[in-house]
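Accompanying notes for the structure given below.
The values are calculated or read from the model by the stated rules, or taken from the named source; none is laboratory data. Not measured: the values here are computed from a predicted model. Heads up, the Cβs are rebuilt from the backbone with ideal geometry, glycines too, and the neighbour counts pull from every protein chain shown.
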Amino acid sequence: MNCDIRSLSYEELAAETESLGYPRFRAAQIFSWLHNKTVISFDEMTDLSKPVREQLKEKYTLQNCETETKLVSKIDGTVKYLFKLHDGEFVESVVMKYKYGCSICISTQVGCKMGCKFCASAIGGFVRNMTPGEMLSEIYTAQRDLNVKINHIVLMGTGEPLDNFDNVVKFLGLITDEKGQNISMRHVSLSTCGVVPKIYELADKKLGLTLSVSLHAPNNVIRSLSMPINNKYDIDELLDACKYYTANTGRRISFEYAMIKDLNDSDECARELAQRLSGMLCHVNLIPVNSVRERSYKKSSVDRQKRFIDILAAKGITATVRRTLGSDINASCGQLRASKRNSG
């Protein structure tokens with residue numbers, strides 16, 4: 001298959017256009033069409049001659065997302081998309097509206113190989129990595145459809161971003177490029193279940209993004225029950241990597257903690273979690289676990305969540321309960337794709 005031109009950095013695009021014998025300014029024109037005007041076909045690049053457009057068609061592809069399903073919450077306006085990719089696979093994205101603007105949660109892989117038992121994204125297994133251009137297309141497609149400007153990005157949809165490390169890093173370079181969307185890296189959050197070697201590698205890049213770590217347990221026994229990756233990189237190894245990340249970047253880590261009834265929500269769990277995180281530059285984000293048809297986990301009560309926060313706070317650990325958005329459309333990632341697969 002021809003190269004996806006949207007996945008090329010500006011420098012790579014400039015080298016490509018130079019190899020084709022085009023003047024240097026041509027790269028700036030094409031890059032602007034791709035990442036400012038966010039076109040979906042070469043024919044839309046109207047300030048390029050027809051022979052140039054035809055040559056681009058022959059040499060490159062544009063891997064666009066197509067909206068298969070769109071759900072809009074009647075409660076808070078959250079929009080959930082099931083996007084169809086060029087090869088017929090499906091991924092999900094969710095656009096959330098806040099006072100400060102619009103945030104999008106995007107997928108980075110088709111399926112997921114991590115196997116976290118409370119997550120619908122892992123159901124059905126892993127298919128393939130997504131390209132930088134496909135990740136960008138999730139954002140561009142949503143912006144065009146909703147006629148909004150996305151200003152915050154969360155890599156927390158289907159897939160494990162650090163398992164697709166090189167493509168994700170390239171995507172980050174493209175979405176923050178000042179010649180394109182120019183989104184600040186500080187408005188980007190990347191969520192990982194704990195791929196320890198890649199956390200160190202990400203820390204060394206000092207990109208300035210927010211790292212969210214799916215912890216979900218205060219000890220190895222409980223974490224291994226729901227997160228197979230803990231059998232490869234245990235909590236001590238994970239937290240050592242997190243400490244390295246904060247020391248190297250100066251950025252606070254957000255620890256994601258899904259509150260699962262009778263599994264990880266006891267007072268003892270809260271006290272053990274506080275002890276493990278003591279002295280770290282971090283915040284705990286409690287998440288009422290989503291009900292997934294294929295799983296038996298139940299969310300903790302509101303009183304239990306409040307009690308958990310109080311115990312953490314008493315030990316000097318800040319924690320909040322994540323606001324639930326799009327509850328009437330099952331906006332957590334993975335569920336719409338799973339339903340599509342089951343119906344197909």
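Worth pointing out:
Yes/no matrix, rows are residues, columns are (1) under 24 Å from L239 (Cα atoms); (2) surrounded by fewer than 20 Cβ atoms within 10 Å (Cβ to Cβ); (3) modelled with pLDDT under 95:
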{"residue": "G115", "(1), (2), (3)": "yes, yes, yes"}
{"residue": "I139", "(1), (2), (3)": "no, no, no"}
{"residue": "F165", "(1), (2), (3)": "yes, yes, no"}
{"residue": "Y200", "(1), (2), (3)": "yes, yes, no"}
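- For the residues N230, N248, N182, the requirement of being modelled with pLDDT of 95 or more, farther than 25 Å from K149 by Cβ and either surrounded by fewer than 20 Cβ atoms within 10 Å (Cβ to Cβ) or of a type in the set (S, T, Y) (or both) singles out N248.
- Residue list for region 108-123, filter: touching a Lys or Arg at 6+ places or on another chain (Cβ under 9 Å) and either of a type in the set (K, R) or not in a helix (DSSP H, G or I) (or both): Q109, V110, G111, K117, F118, C119, I123
- Note on region 208-293: enclosed strands (runs of 3 or more DSSP E) holding 3 or more residues that are under 16 Å from K198 (Cβ atoms) and assigned by TED's automatic domain parsing to the domain that holds V195 are 210-214.
- Every listed requirement among (1) more than 29 Å from the chain's Cα centre (by Cα); (2) within 21 Å of L174 (Cα to Cα) is met by A14 save one, (1).
- Among the numbered conditions (1) over 25 Å from G180 (Cα atoms); (2) touching a helix residue (DSSP H, G or I) at 6+ places or on another chain (Cβ under 7 Å), the only one that T131 does not meet is (1).
- Filter result (assigned to a loop (DSSP other than H, G, I, E, B) and of a type in the set (K, R)) within region 124-149: K149
- Pairs are defined by a Cβ separation below 7 Å, a sequence spacing of at least 6 or placement on different chains, a first member in region 214-230 that is free of Cβ contacts under 8 Å to residues at least 40 places away in the same chain, and a second member that is buried (at least 23 other Cβ atoms within 10 Å of the Cβ) and outside any helix (DSSP H, G or I); the pairs so defined are R223/H216; R223/A217.
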